[in-house]
């Protein structure tokens, strides 16, 4: 397999006030051999553009791309030893599954016995053995996607690239294909780069996640795709770098409350800005008390803000607005008076009446604080 190095990568297009539009700005990433990297972010953040630069389908405006230490900026796509799986399958409708799998190998004049061996191996891995004689119109969406993945496998490339390959599948099939791609990575021990806008795919599939966003450049008045944070899924979930990452990763998303830290006779508290009523006692920590009197943004994951069985010192009251039973858990939508929030709870609260006042308990040890000006997470 291979390492991939992206150093100060830029992608610009003609246009805009300054004569160019920057789609991706200063992208830096070192991908280790056999790593599974996921690019995740909202539409327009440059994740697919970055993937296409790696593939050679988009030229690199500035910066350097290396695969196994070899500079690839000007290398044609066919010579980069990569294979790409697209969102729309890109299968030949008039060819059988076998012929689709073998097509790229035939173009490279691979010997027939080698084609047979590679296609048979890919079909076994992906459970396509009984489908080799069918054409794409006789396949389900999940089967078509497996054929597209199989076409990449038979290439035996150094790097696999996936551009939102599950977007066209229904929810159940997405879960199944997600598991199959994870197992495929473990079996092939391949270097894989995967693009998605789905945070669940990112959290469950990647050894590391690259969180991207489109940020407004005041000089041009246009948005540019930048990297917000690179780390393991759990590290990003528990230690988000900034407000965007905290709100983007997590389902339901993190709750945010604007307020001020105060030192009171009872201890350190966070008071929600008027007309709110939220008053939260917090643990005394030197890093937290350093922000006394400052307006901050408090971040709480829904699972760390639960319905209280009985009133405690770290409770607050809020008005229940909606109850959403999810089967294995229940989401409660409530409002403090200044901020709406979501509380994730075990089952058993489905009969609560909207409009009633409820006590909620927070896990203050897991509270996050963000600077409203810089939007960066503060040490606590």
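Residue 97 - would you say it is modelled with pLDDT of 90 or more, under 30 Å from residue 222 (Cα atoms) and in contact with a helix residue (DSSP H, G or I) (Cβ under 7 Å, 6 or more places away or on another chain)? So residue 97 does not fit the description; no. Set side by side, the residues 225, 259, 221, 250 differ, and just one is assigned by TED's automatic domain parsing to the domain that holds residue 43 and crowded, with 17+ Cβ neighbours inside 10 Å, which is 225.
Looking across the stretch 188-205 at every residue that is surrounded by fewer than 20 Cβ atoms within 10 Å (Cβ to Cβ) and within 18 Å of residue 84 (Cα to Cα), the one that is nearest to the chain's Cα centre (by Cα) is identified as 197. Considering every residue within the stretch 332-340, establish whether at least one is within 18 Å of residue 261 (Cβ to Cβ), touching a helix residue (DSSP H, G or I) at 6+ places or on another chain (Cβ under 7 Å) and at pLDDT 85 or above. Looking for residues that are within 18 Å of residue 261 (Cβ to Cβ), touching a helix residue (DSSP H, G or I) at 6+ places or on another chain (Cβ under 7 Å) and at pLDDT 85 or above, one finds none in the stretch 332-340, hence no. Here is the figure for the stretch 323-339: residues that are touching a residue at least 24 places away in the same chain (Cβ under 8 Å), on the phi < 0 side of the Ramachandran plot and loosely packed, with under 15 Cβ neighbours inside 10 Å total 1. Of the strands (runs of 3 or more DSSP E) lying entirely inside the stretch 108-224, the ones with 1 or more residues being free of Cβ contacts under 8 Å to residues at least 12 places away in the same chain and in contact with a strand residue (DSSP E or B) (Cβ under 9 Å, 6 or more places away or on another chain) are found at 208-217. Candidates are the residues of the stretch 229-244 that are touching a residue at least 40 places away in the same chain (Cβ under 8 Å) and not in a helix (DSSP H, G or I); the one that is surrounded by the most Cβ atoms within 10 Å (Cβ to Cβ) is 240.
The criterion of at least 3 residues that are closer than 30 Å to residue 137 by Cβ is met by the following strands (runs of 3 or more DSSP E) wholly inside the stretch 1-100: 82-85.
For residue 302, indicate whether it is surrounded by fewer than 16 Cβ atoms within 10 Å (Cβ to Cβ), under 26 Å from the mean Cα position of the chain (by Cα) and within 25 Å of residue 261 (Cα to Cα). So residue 302 fails the test. Taking the criterion of being in contact with a helix residue (DSSP H, G or I) (Cβ under 8 Å, 6 or more places away or on another chain), touching a residue at least 24 places away in the same chain (Cβ under 8 Å) and either within 24 Å of residue 249 (Cβ to Cβ) or assigned by TED's automatic domain parsing to the domain that holds residue 268 (or both), would at least one residue in the stretch 345-361 satisfy it? Within the stretch 345-361 (the criterion being in contact with a helix residue (DSSP H, G or I) (Cβ under 8 Å, 6 or more places away or on another chain), touching a residue at least 24 places away in the same chain (Cβ under 8 Å) and either within 24 Å of residue 249 (Cβ to Cβ) or assigned by TED's automatic domain parsing to the domain that holds residue 268 (or both)), the answer is no, since none of the residues qualifies.
The values are calculated or read from the model by the stated rules, or taken from the named source; none is laboratory data. Since this is a predicted model, take the numbers as computed values, not measurements. Virtual Cβ from ideal backbone geometry, glycine too; neighbours counted across all protein chains shown.
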